[in-house]
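Quick notes on the structure that follows.
The values are calculated or read from the model by the stated rules, or taken from the named source; none is laboratory data. What you see is a predicted model, and the numbers here were worked out from it, not measured in a lab. A quick note on method: Cβ atoms are made from the backbone with ideal geometry, for glycine too, and the neighbour counts reach across all protein chains shown. Accessible surface is based on the protein model in full, side chains and every heavy atom, while ligands, DNA and RNA are left aside. Shrake-Rupley method; radii C 1.70, N 1.55, O 1.52, S 1.80 Å.
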Amino acid sequence: MRRPLSLSAVVLALPLFLLLLFSSTAEAHNITRILAKHPEFSTFNHYLTITHLAGEINRRLTITVLALDNSAMSALLDKHFTVGTIKNVLSLHVLVDYYGAKKLHQLSKGSTLSSTLFQASGSAFGTSGYVNITNVKGGKVGFASEDNGGEFNSFYVKSVMEMPYNISILQISKVITSADAEAPTAAPLSLNVTEVLPKQGCKAFTDLLIATGVAETYQSNIDGGLTVFCPTDTALNDFLPKYKNLTAAHKVSLLLYHGMPVYLSLQMLKSSNGVVNTLATHGGNKYDFNIKTDGEDVMVKTKVVTAEVTATLIDSEPLVVYEVDKVLQPRELFKAVPEEEDEEAPAPKEAPKKKKTKAPSPKASEGEEEEDADSPIGSDESDGEPADQKSDKDGAFGSEGQKSIVVMMLSLWLGVLLV
């Protein structure tokens, strides 16, 4: 018969269990902050930022960064590549898989191919965006691009930081050379909002941006990254009667609502399911919406309308413009409609009935409510509060339901220990 564990054993085991439990809720990594603690990689860190690769790295759940020290970066910069070409070269140094020091020296069959952000970008031809990792003579680990004939000119130096199996930063000796990645890139478009958007089918939307002065706000956000959702001319023309009823301030808010202060390529947009902020987000006014994906389809849900991304009009980092089939209407300005698409919310149960009664006929007012749902709220921006707004009681686990799960797990754990 098993002897019950002493109270002291339970007390010692409980912290270990809690450590394992909370480790799964660790904060996401931030490559810029991590490398800032290592000045020998300052140049590499700087170019990850200006090429916007840092943001892509931070959004990935599993990633390996092959870091180059300042000396190795000097050799790359001496070639006087454009920023676009430098981005391609550095994206070849970001593996979309986790490799720690131990895994490098224990490769199956001593060699493997790993995909990179260069391959994921779609700019690589064939398999040139793959990196060959091989254990070579003398215990060294070599790195080479798939398109250089298997010649290893860069080797593992040391592990800078490892967070299994989230992010690993490994120093390598030299830049991984690739003719494809180093090929000249096309000159970037002139990123002037009022010039670029009309040429891509956004003339009606651009005219409103100019008339309200919002175009200046869009332009000032380009350098830091800008994602724009441009309604089709047909959708905008259908919406104009409601637009004209808005106050001047609300017209500005509506137009700012169609921009996000970050560059999100289509691939990044598809992986960013959830609530996102906009240029109109300020203080107590959230002005946010949900990005939802269904296969290859990307939807923008605002609690008032659901718009579909129908085309990519411009994708020239740091600016990307998507065409949407509806004007995005924020709940701060328009009354929210009943959320039929909230699949997660169970339908309310009907109260038990003692007698079987005839179902009431639909009320005439229901149609009126549906019509009112599209009408502008006017100056009251406090209406239309989202039904799924989180409670202030939500803690580190995000909801009361998750807390209940944790309590249940702890109870089961203690029960096993005390048997």
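Condition first: of a type outside the set (A, V, I, L, M, F, W, C) and surrounded by 17 or more Cβ atoms within 10 Å (Cβ to Cβ). Now tell me which residues in the range 202-212 satisfy that.
Thr206, Thr212
Which of the residues belonging to the range 204-218 are part of a helix (DSSP H, G or I) and touching a residue at least 12 places away in the same chain (Cβ under 8 Å)?
Selection gives Ala204, Phe205, Thr206, Leu208, Leu209, Ile210, Thr212, Val214, Ala215, Thr217, Tyr218.
Give the range 149-164 a look and list any residue that's in contact with a Ser or Thr (Cβ under 6 Å, 6 or more places away or on another chain) and either farther than 20 Å from Ser74 by Cα or open to solvent by 10 Å² or more (accessible area, probe 1.4 Å) (or both), or say none.
Those that are in contact with a Ser or Thr (Cβ under 6 Å, 6 or more places away or on another chain) and either farther than 20 Å from Ser74 by Cα or open to solvent by 10 Å² or more (accessible area, probe 1.4 Å) (or both): Phe155, Val157, Glu162.
Residue-wise test of (1) under 21 Å from Asn153 (Cβ atoms); (2) among the basic types (Lys, Arg).
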site: Ala67; (1), (2): yes, no
site: Leu76; (1), (2): yes, no
site: His80; (1), (2): yes, no
site: Val83; (1), (2): no, no
site: His93; (1), (2): yes, no
site: Tyr99; (1), (2): yes, no
site: Lys103; (1), (2): no, yes
site: Gly110; (1), (2): yes, no
site: Leu113; (1), (2): yes, no
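Kindly provide the set of residues from the range 115-144 that are in a strand (DSSP E or B), open to solvent by 20 Å² or more (accessible area, probe 1.4 Å) and among the polar types (S, T, N, Q), ordered by number.
Ser115, Asn132, Thr134, Asn135
Residue-wise test of (1) surrounded by fewer than 18 Cβ atoms within 10 Å (Cβ to Cβ); (2) touching a strand residue (DSSP E or B) at 6+ places or on another chain (Cβ under 7 Å); (3) at pLDDT 95 or above.
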position: Leu48; (1), (2), (3): no, no, no
position: Glu56; (1), (2), (3): no, no, no
position: Arg60; (1), (2), (3): no, no, no
position: Thr64; (1), (2), (3): no, yes, yes
position: Leu95; (1), (2), (3): no, yes, yes
position: Tyr99; (1), (2), (3): no, yes, yes
position: Lys102; (1), (2), (3): yes, no, no
position: Leu113; (1), (2), (3): yes, yes, no
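Report yes if Lys79 is more than 29 Å from Lys137 (Cβ to Cβ) and open to solvent by 50 Å² or more (accessible area, probe 1.4 Å), otherwise no.
Judged against the criteria, Lys79 is a match.
Looking at the range 213-258 only, could you name the residues that are over 19 Å from Glu195 (Cβ atoms), surrounded by 12 or more Cβ atoms within 10 Å (Cβ to Cβ) and hydroxyl-bearing (Ser, Thr, Tyr)?
Thr232, Tyr243, Thr247, Ser253, Tyr257
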